[in-house]
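See structure below.
The values are calculated or read from the model by the stated rules, or taken from the named source; none is laboratory data. Because the structure is a prediction, the values reported are computed rather than measured. So basically every Cβ, Gly included, is an ideal-geometry build from the backbone, and we count neighbours across all protein chains shown. These area figures cover heavy atoms from the full protein model, side chains too; ligands, DNA and RNA do not enter into them. Shrake-Rupley method; radii C 1.70, N 1.55, O 1.52, S 1.80 Å.
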Amino acid sequence: MPKPKGGGSHPDPTVGPRVIDAVLEELATRGRDRLSMDRIASRAGVSKVTVYTRWRSKDELLVAAYQHLSRPFPVLDTGTLDGDVDALCDLVIAGAADHRYTVVLTELVAAAATDPSLRPHLHSVSENWQTGMRSMLRAAQGRGELDDKVAVDLLAEVLSALTLRRVMFGNPPVNDAIRRDLHALVRNPPRKP
């Protein structure tokens, strides 16, 4: 007696990464407003139905591309605040060097301005960075490098905003000048009232 055939095929594990790569290429060359599901499918070598089966909209693809490029904030604990700030600068400089990340981040921020459903994705990444920076700053307080009067939450927010702005706009460029600016900021931090 012949064996009954199984229902459906197994999903191809390469489809997701190919589609995300296609989204990143399209964003880099055309931007979000001219993002085309047809071109994405064609670049990825899949059908448009396959794309829509996994992602219902361009914004879902944008979020998926952003999540693909985003990494959790690493633990910055070199043993000194200066070393931690240098590690932070290296991280920011490397992120800014990845043009795809800069494009996706900028497009997601622009989309979130008119679509509030996208804001939690940005908030979670921002909060992840601020949590990492607060941890770095509190470790410096524990080592006696920052006193207890430093407004750690505010300083973490300012560091996060400064790095984000420079990564998104590249003005001033993200280079070793950011190292000087971040060191100056942690040497003269905001104080608690």
Considering segment 154-193 alone, what residues qualify as being touching a strand residue (DSSP E or B) at 6+ places or on another chain (Cβ under 7 Å) and either open to solvent by 80 Å² or more (accessible area, probe 1.4 Å) or closer than 22 Å to VAL109 by Cβ (or both)? ARG191
Limited to segment 42-78, what total is found for residues that are farther than 22 Å from LEU24 by Cα and either crowded, with 20+ Cβ neighbours inside 10 Å or free of Cβ contacts under 8 Å to residues at least 24 places away in the same chain (or both)? 2
Any residue in segment 99-128 that is without any contact (Cβ under 8 Å) to a residue 60 or more places away in the chain and buried (at least 17 other Cβ atoms within 10 Å of the Cβ) sitting within a Cβ distance under 7 Å of a residue that is aromatic (Phe, Trp, Tyr) and part of a helix (DSSP H, G or I)? List the pairs, counting only those 6 or more apart or interchain. LEU108/TYR66; HIS121/TYR66
Among residues belonging to segment 131-145 that are surrounded by fewer than 19 Cβ atoms within 10 Å (Cβ to Cβ) and of a type outside the set (Lys, Arg), point out the one that is farthest from ASP21 (Cα to Cα). GLY144
